[in-house]
1. In the list Asp137, Asp106, which residue meets the criterion of being acidic (Asp, Glu), closer than 21 Å to Arg261 by Cβ and either surrounded by fewer than 16 Cβ atoms within 10 Å (Cβ to Cβ) or in contact (Cβ under 8 Å) with a residue 24 or more places away in the chain (or both)?
2. Given Lys88, Lys153, Lys163, which one is of a type in the set (D, E, K, R) and crowded, with 19+ Cβ neighbours inside 10 Å?
3. When residues of the range 180-228 are filtered for being within 25 Å of Leu313 (Cα to Cα) and at pLDDT below 90, how many remain?
4. Looking only at residues that are touching a His at 6+ places or on another chain (Cβ under 9 Å) and more than 20 Å from Leu304 (Cβ to Cβ) in the range 63-81, which one is surrounded by the fewest Cβ atoms within 10 Å (Cβ to Cβ)?
5. Would you confirm, using the coordinates I've provided, whether Arg330 is part of a helix (DSSP H, G or I) and either surrounded by fewer than 23 Cβ atoms within 10 Å (Cβ to Cβ) or not aliphatic (A, V, I, L, M) (or both)?
6. State whether the residues of the range 335-343 include one that is not in a helix (DSSP H, G or I) and not aromatic (Phe, Trp, Tyr).
7. All but one of (1) at pLDDT below 95; (2) closer than 26 Å to Gly295 by Cα; (3) assigned to a helix (DSSP H, G or I) hold for Ser359, so report the exception by its number.
8. Just for the range 193-210: of the residues that are touching a Leu at 6+ places or on another chain (Cβ under 8 Å) and farther than 21 Å from Pro290 by Cβ, which one is surrounded by the fewest Cβ atoms within 10 Å (Cβ to Cβ)?
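The values are calculated or read from the model by the stated rules, or taken from the named source; none is laboratory data. Remember, predicted model here, so these are calculated numbers, not experimental data. Neighbour counts run over all protein chains shown; Cβ positions are idealised from the backbone, glycine included.
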Amino acid sequence: MPAIVLCNTVTGIATVRALAESGVAVHACVFREDDPLSASRHAIKVPCFHLQNDEVGLVRFLTQYAQKLGNRPVLIPTGDAHALLLSKYAAELDPVCRIWQLPYGDLARVVNKTMLYEAARTADVPTIPSLSAPTLDEVSEWSLQHPGPYILKPSYEGVGTCKLRAKNLVLEGREQLLSYVKSHGAESLVIQRMIRGGDGNIFDCYGLCDRNGRVVSLTSHHRIRQYPPDFGATSMGEIPAPLPNRDEQFLFAATERLFNRVRFHGIFGIEWLRDEKTGAFYLIDFNARPFLTVGHLRDCGVNLPLLAYRDLLGESLGSVNPRPAVKRLRWVYLRKDLDTFRMLRTTGRRLGTMQWLMSVASCRSFAYVTWRDPMPGLLLFLRIVGRAVMYVLRAGKPQQEKAAASSGAPARSLPR
């Protein structure tokens, strides 16, 4: 039975590889012309560049494409916006595709941070004090009781109505917060009190719920570094998380309590922050689809895309170990981690060049890079080299101009 994967960067290619290398015939819908997936030896690539922002057109295309394949192929999203799209148009897609069976309202409860935090509180799962899409008056009153700093986030990844385009924005004080909301509004925006954690204090629970909402598999993950630092996506991580057993069990138990309150079907990644002062854990996000490091988890021994594929085919997953033993591995997204290293250096954070190189050398799992499918990694490496060359040329240009000015000779332009 073929599978159609709606691909988003690293998550997309990792999902494609996890299925294709297990013998599944994969059709990869590609939404970015520069996606290194185009160089992969896996999958039939289906260009969908013109459909990136056309949900009605994409649903029509997927319906027709699935009908051509026949036998209701499996359809897997790798981004929040596509997961919501498939649920929203389930009536059109379900007759021709096998998709996760989750009503749109139920999916919105976990993807939308406002509803997620409400559900978490009813499940006695700790959350950070926050406001969702508040008025200016509500922000003014709330911020009197909750001093800064604050972190602002879109209510979910890819939401089109939020004016904040970055994943996170940190504001140090109340006046900054009020000024931002006054200028930009707070539609589809979540405002949280920022609890100090950041890199080294962010953990994830990765897993899969079957069609009955049962947690089939659960594994922990540790974000060693993120891009941007402290508030972004993983640039270096480790599976399983190096946590005391009691802390890992706390996260697993809290995750299962959450699923007692919310219905879910499919792959998930739940994000937790550990307060660096108290050691307390707080729920901060829910990814309702394959996550950035799904390929890392597969290298550690748990192939969630394949388990999800089997579940969508109607196979029983009753024999799957819900707490699988995994091989301990570190993972790095080299291009992003290089950017993280540079940002840490420019902000005065202590991460020496040798320390960074040794941490990268400790990794045995990589974004894009694998000997089983080498071309996407090679393509990305060439891009990194190109960026490094341009950086050196740009850094040398001021020195050239300075030398020319001191000698009185006109500066020669560098080659473009």
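1. Matching residue, one of Asp137, Asp106: Asp106.
2. Lys153
3. The number of residues fulfilling the criteria is 0.
4. Going through the qualifying residues, I end up with Leu69.
5. In short, no.
6. For the range 335-343, residues not in a helix (DSSP H, G or I) and not aromatic (Phe, Trp, Tyr): absent.
7. Failed condition: (1).
8. The selected residue is Asn201.
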